[in-house]
1. Could you look through the range 89-113, keep only residues that are more than 16 Å from G62 (Cα to Cα) and among the small types (G, A, S), and pick out the one that is modelled with the highest pLDDT?
2. Before we move on, is L87 under 25 Å from the mean Cα position of the chain (by Cα), surrounded by 10 or more Cβ atoms within 10 Å (Cβ to Cβ) and under 30 Å from V33 (Cβ atoms)?
3. With respect to the numbered conditions (1) in contact with a Ser or Thr (Cβ under 8 Å, 6 or more places away or on another chain); (2) among the β-branched types (V, I, T); (3) loosely packed, with under 10 Cβ neighbours inside 10 Å, which one is the sole condition not fulfilled by V136?
4. Mind listing whichever residues of the range 10-40 are surrounded by fewer than 13 Cβ atoms within 10 Å (Cβ to Cβ) and not polar (S, T, N, Q)?
5. Would you point out the residue of the range 41-53, among those that are without any contact (Cβ under 8 Å) to a residue 12 or more places away in the chain and within 20 Å of the chain's Cα centre (by Cα), that is surrounded by the most Cβ atoms within 10 Å (Cβ to Cβ)?
6. Quick check: anything in the range 84-107 within 30 Å of Q23 (Cβ to Cβ), in contact (Cβ under 8 Å) with a residue 24 or more places away in the chain and part of a loop (DSSP other than H, G, I, E, B)?
Amino acid sequence: MLWINDNLALADWELSESFTRAQGPGGQNVNKVSTAVELRFEAERSPHLTPAVKARLKRIAGRKWTLDGAIVIRAEETRSQTRNRELARERLAEMIRAALVAPKRRIATKPTKGSQRRRLAAKSIRGEVKSLRGKVGEDD
């Protein structure tokens with residue numbers, strides 16, 4: 001069971017882990033020990049998440065979201081398999097926490113009369129400065 005916050009936990013059947021050998025340097029150890037963790041969360045089938053949260057989670061996950069509605073997170077930073085498992089689970093929890101927060105609705109506002117007047121005054125001053133940049137005519 002993976003706890004996301006105080007009142008949301010993911011069941012064990014929703015999560016599956018597979019272990020592979022990690023990429024990159026690591027000496028002899030990297031060739032024999034499967035330390036990289038691939039965490040798979042069946043987000044689309046999860047009964048704990050609302051459709052709105054699933055939609056936000058899909059946008060947040062990006063390329064980690066598979067065609068069958070699962071999120072795949074790979075962790076291979078450390079040489080310890082248990083630490084990589086913790087990192088992958090924490091990344092998933094952070095992603096879901098971010099999706100749980102509903103964005104605030106934007107309230108459209110009009111510019112104030114004063115700000116409109118200031119903008120127009122600044123435009124006219126700027127236009128005057130630009131008009132004075134022309135060629136100087138010869139006065140007889």
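1. A108
2. Details: under 25 Å from the mean Cα position of the chain (by Cα): yes; surrounded by 10 or more Cβ atoms within 10 Å (Cβ to Cβ): yes; under 30 Å from V33 (Cβ atoms): yes.
Yes; evaluated as a whole, the condition is true for this residue.
3. (1)
4. A11, D12, W13, G24, P25, G27, K32
5. Keep residues of the range 41-53 that are without any contact (Cβ under 8 Å) to a residue 12 or more places away in the chain, which gives 47, 50-51.
Next, from what is left, pick out any that are within 20 Å of the chain's Cα centre (by Cα): 50-51.
On the way: T50: 11, P51: 7.
The selected residue is T50.
6. no
The values are calculated or read from the model by the stated rules, or taken from the named source; none is laboratory data. Quick caveat: nothing in here was measured; it's all calculated off a predicted structure. So basically every Cβ, Gly included, is an ideal-geometry build from the backbone, and we count neighbours across all protein chains shown.
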